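S.K.: Just dropping this structure here.
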Amino acid sequence: MNAKQSTTALRPAVPQPAGPQPAAERAVAEPPVAERPAAEPHVAEPPAAEQVTASAVFEVMRRLVLEQEDRRSEVSEALGMSFSRSRALRRLAAGPKRMSELTATLSTDKPYTTLIVDDLERRGLVRRSVDPDDRRCKIVTLTEAGADAAARAAAILGRPPKSLLALDEDELTTLERLLAKL
């Protein structure tokens, strides 16, 4: 008899009250695992057909759009910079932004945004200036070279995946109609 069995054997029988018991009392009153009857295997109800189909379709769409690591690498290699720096250029392509706005659109913190802008400014891709409405703030603007780099990044990222290019005109029309419905 091991130590656990000996303490279980010495434990007096506890009468079981009717109704729910606190967890601490249940732990004492339950028989050892070896003495319990085997539990029936739990069989989960399969989800409704729409959920399975919607989940499967969403997973395919997610992978198609988000898991294109080769595109990120391609952008980084083409521009000679990290993908996060190219993201900053693409955000600035829409127009000049305050540093705080750029921080928010990149979902980074202020020091990291400053590091990115410092590097882009050294490369001649952005220009910082004082905000005329609030001299405490800096505005970041793309240079011509920065706009060209942002356009190259957008062209690489905007190129449709091969699997989408393989669809015929009818399939693309159907897909476009379904996506518009979403």
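S.K.: Name every residue in segment 130-149 that is open to solvent by less than 50 Å² (accessible area, probe 1.4 Å) and either within 18 Å of Arg98 (Cβ to Cβ) or among the polar types (S, T, N, Q) (or both), in order of residue number.
M.R.: Within segment 130-149, Asp131, Asp134, Cys137, Ile139, Val140, Thr141, Leu142, Thr143, Gly146 meet the criteria.
S.K.: Among the listed residues Leu89, Leu66, which satisfies the condition of being surrounded by 11 or more Cβ atoms within 10 Å (Cβ to Cβ) and within 24 Å of Pro161 (Cα to Cα)?
M.R.: The match here is Leu89.
S.K.: Let me ask another. Can you pull out every residue in segment 74-86 that is open to solvent by less than 60 Å² (accessible area, probe 1.4 Å) and either within 13 Å of Leu125 (Cβ to Cβ) or over 17 Å from the mean Cα position of the chain (by Cα) (or both)?
M.R.: Matches in segment 74-86: Val75, Ser76, Ala78, Leu79, Gly80, Met81, Ser82, Arg85, Ser86.
S.K.: With the checklist (1) more than 22 Å from the chain's Cα centre (by Cα); (2) over 25 Å from Arg62 (Cα atoms) in hand, flag the one item Lys181 doesn't pass.
M.R.: Every condition holds for Lys181 apart from (2).
S.K.: How many residues are assigned to a loop (DSSP other than H, G, I, E, B) and under 30 Å from Pro132 (Cβ atoms) if we restrict to segment 59-106?
M.R.: Quick first cut of segment 59-106, residues assigned to a loop (DSSP other than H, G, I, E, B) only: 67-68, 80-82, 93-96.
Among the residues that remain, those that are also under 30 Å from Pro132 (Cβ atoms) are: 81, 93-96.
Qualifying residue count for the region: 5.
For every residue, the table says whether it meets (1) touching a residue at least 40 places away in the same chain (Cβ under 8 Å); (2) of a type in the set (D, E, K, R); (3) touching a strand residue (DSSP E or B) at 6+ places or on another chain (Cβ under 9 Å).
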position	(1), (2), (3)
Leu92	yes, no, yes
Pro96	yes, no, yes
Thr108	no, no, no
Leu125	no, no, yes
Ala145	no, no, no
Ala150	yes, no, yes
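S.K.: Out of the helices (runs of 4 or more DSSP H) lying entirely within segment 115-182, which hold 1 or more residues that are modelled with pLDDT of 95 or more and within 22 Å of Ser73 (Cα to Cα)?
M.R.: 144-158
S.K.: Phe58 - would you say it is open to solvent by 50 Å² or more (accessible area, probe 1.4 Å), at pLDDT 85 or above and among the aromatic types (Phe, Trp, Tyr)?
M.R.: yes
S.K.: I'm told Arg71 meets every condition in (1) surrounded by fewer than 16 Cβ atoms within 10 Å (Cβ to Cβ); (2) modelled with pLDDT under 95; (3) among the charged types (D, E, K, R) except one. Can you identify the failing condition by its number?
M.R.: Going through the list (1) surrounded by fewer than 16 Cβ atoms within 10 Å (Cβ to Cβ); (2) modelled with pLDDT under 95; (3) among the charged types (D, E, K, R), Arg71 breaks only (1).
The values are calculated or read from the model by the stated rules, or taken from the named source; none is laboratory data. This one's a predicted model, so the numbers in the text were calculated from it and none came from an experiment. Cβ sites come from the backbone with ideal geometry, for glycine too, and all protein chains shown count toward neighbours. All accessible areas refer to the heavy atoms of the entire protein, side chains included, with ligands and DNA or RNA removed. Shrake-Rupley method; radii C 1.70, N 1.55, O 1.52, S 1.80 Å.
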